[in-house]
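Scroll down for the structure; my scribbles are underneath it.
The values are calculated or read from the model by the stated rules, or taken from the named source; none is laboratory data. The structure displayed is predicted, hence computed values, not measured ones. Using ideal geometry, Cβ is built from the backbone for each residue, glycine included, and neighbour counts are taken over all protein chains shown. In case anyone asks, the SASA skips ligands and DNA or RNA and just uses the protein heavy atoms, side chains included. Shrake-Rupley method; radii C 1.70, N 1.55, O 1.52, S 1.80 Å.
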Amino acid sequence: MSEVIVVTSGKGGVGKTTTSANIGTGLAMLGKRTVMIDTDIGLRNLDVVMGLENRIVYNLVDVVEGNCRMKQALIRDKRYPNLYLLPSAQTRDKSAVNPEQMRKLTEDLQDDFDYILLDCPAGIEQGFRNAVAGADRALVVTTPEVSAIRDADRIIGLLEHGQMKSIHLIVNRVRYDMVRRGDMMSVDDVMDILAVPLIGAIPDDEAIVISTNQGEPLAGTDTPSGQAYLDICRRLLGEEIPLTLPNVSFGLFGRLTSFLKRA
Amino acid sequence: MDRRTALRKGRSGEIAARRLKFLLTADKTGFPPETLAMIRNDIYRVVSRYVDVDFGQMELHLGRPKSAPDGPDICPALCAVIPVRSFRLKGTF
């Protein structure tokens, strides 16, 4: 039985595409047959974050319009045997596809994949409605900022109104040093405001920028964000992984090193 | 105003959380912010008849206060903070 997951946020620039790339990669690393679909028609980006931009022949709109077969459009990621990408079209717009067609597209993929991961465009218009149409569960990405949280709240309202079966929160780009000195909302604050269960928090990490520069997702690597993404993937598979937030489990050693860094 | 003092370092996370709670309540209830400004003006007018109120520092917001620190939210409420410069009664009763 496959699961269709949409990664969404409302606000742009909070890390939807990076999150989609890393969760897709993580699920494939854990042995799950995974396909990532970039639903941001006109603003294609998941291909470049994944480092697969030079291998695109056909795209999502080609599949929907019947210009090619699904198998021709899927790009296999050679680094992970179970991972595929269905890229978006760059020269069309959101109206090229409707929610019914997206639902059918995800249904067509269900036999061949364990996880179908949809990277949703920013906004609450047709692109959003297309992306959520066929999804069983939603991951709402936000950062600990007022604008991102306000938009996440709006998105959660729309998902609940649309009878989304499961909604989880990912708090991205958390700066635990700022949280500790009271200048950033904590993950608990964000959860309290949005009232949606948390599936993971990703620390603000330079490694993400480096990984995106290179087109190499970092899920599973020995970096704070790489581990946090892999933990999210394990939780998606139903494993009980405790949330070890640095601001909670901050021991003497950590305090000492941060003191030395400041000095 | 001095822009440096405007940045309340070490408390901005708390300020963000409070502003958001108000904002989301306002978004959901459709309560117009301009009505809040009118209520704030009226409260100032009434209270300042009795005591010296610092209008610039007055806060009025829509929130969901908790019945106890860890307790459940109670119904949406108008919360006012009215800083008083002087409690000497003005005597205009």
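Average partner chain C-beta neighbours within 10 Å, per residue of B:13-21?
So the per-residue partner count for this stretch is 6.
Is there a simple number for the mean count of other chain Cβ atoms within 10 Å of the Cβ of residues in A:31-40, and what is it? Spell out each step's value before the answer.
Details: counts 0, 0, 0, 0, 0, 0, 0, 0, 0, 0.
Partner Cβ neighbours, averaged per residue: 0.
By the scheme Lys and Arg +1, Asp and Glu -1, what is the net charge of all other residues having a beta-carbon under 13 Å from that of residue A:135?
Working: positive: A:103, A:129, A:137, A:165; negative: A:3, A:107, A:119, A:136.
Net of charged neighbours comes to 0.
How many Cβ atoms of partner chains, on average, are near each residue of A:183-191 if near means within 10 Å of its Cβ? Write out the running numbers ahead of the final one.
On the way: counts 10, 3, 7, 2, 0, 1, 7, 3, 0.
Per residue, the number of nearby Cβ atoms from other chains is 4 on average.
Going down the list A:104/B:28; A:11/A:71; A:16/B:21; A:32/B:28, which pairs span over 29 Å between their C-alpha atoms? Show your work: numbers first, answer last.
Working: A:104/B:28 34 Å; A:11/A:71 32 Å; A:16/B:21 24 Å; A:32/B:28 40 Å.
A:104/B:28; A:11/A:71; A:32/B:28, as the Cα separations exceed 29 Å there.
What are the aspartates and glutamates whose alpha-carbon lies under 20 Å from the alpha-carbon of residue B:90, with same-chain residues fewer than 8 places away excluded?
Once the sequence-local aspartates and glutamates are set aside, what remains near residue B:90 is B:42, B:52, B:54.
How big is the B-A contact in terms of buried accessible area, both chains counted, 1.4 Å probe, rounded to the nearest 100 Å²? Can you show the working numbers first?
Values: alone 7400 and 12540 Å², together 18830 Å².
Answer for the B-A pair: about 1100 Å² buried.
What number, rounded to the nearest 500 deg cm²/dmol, is the helix-based mean residue ellipticity at 222 nm of chain A, given -39500 (n - 2.57) per DSSP H run of at least four residues and division by all its residues? Please list the in-between numbers first.
Values: 12 runs with 110 residues, N = 263.
For chain A, the value works out to -12000 deg cm²/dmol.
Less than 14 Å Cβ to Cβ from residue B:86, Lys/Arg counted +1 and Asp/Glu -1: what total charge do the surrounding residues give? Could the numbers behind the result be given before it?
Working: positive: B:49, B:85, B:88, B:90; negative: B:52, B:54.
Taking every other residue near residue B:86 into account, the sum is +2.
Given just the C-alpha atoms of the stretch A:35-163, how large is their convex hull per residue in cubic angstrom?
Values: hull volume 15.1 nm³, N = 129.
Hull volume over Cα atoms, normalised by residue count, gives 117 Å³.
Suppose all protein chains stay in the model; what accessible area per residue would a 1.4 Å probe give for the protein assembly as shown, in Å²? Let's see the in-between values first.
Values: 18830 Å² over 356 residues.
Here the per-residue accessible area is 53 Å².
With a cut-off of 8 Å between alpha carbons and a minimum separation of six or more residues, what is the relative contact order of the stretch A:3-262 in percent?
Values: 506 pairs, mean separation 61.5, N = 260.
Answer for the stretch A:3-262 is 24 percent.
Give me the distance between the Cα centres of the stretch A:1-73 and the stretch A:81-144, rounded to whole Å.
If we compute the Cα centre of each part, the gap is 8 Å.
When all alpha-carbon pairs of the stretch A:3-262 are counted, what percent fall beyond 25 Å? Working shown, then result.
Numbers: 13831 of 33670 pairs.
So the pairs more than 25 Å apart make up 41 percent of the total in the stretch A:3-262.
What part of the accessible area of the protein assembly as shown, given as a whole %, is carbon or sulfur when the probe is 1.4 angstrom?
Numbers: 9840 of 18830 Å².
Carbon and sulfur: 52 percent of the exposed surface of the protein assembly as shown.
Classify the stretch A:67-112: rounded, prolate or oblate, from the alpha-carbon gyration tensor (a ≥ b ≥ c, eigenvalue square roots; a/c under 1.5 rounded; otherwise prolate if a/b is larger than b/c)?
On the way: a/c = 2.35, a/b = 1.45, b/c = 1.62.
Because a/c hits 1.5 or more and a/b fails to exceed b/c, the stretch A:67-112 counts as oblate.
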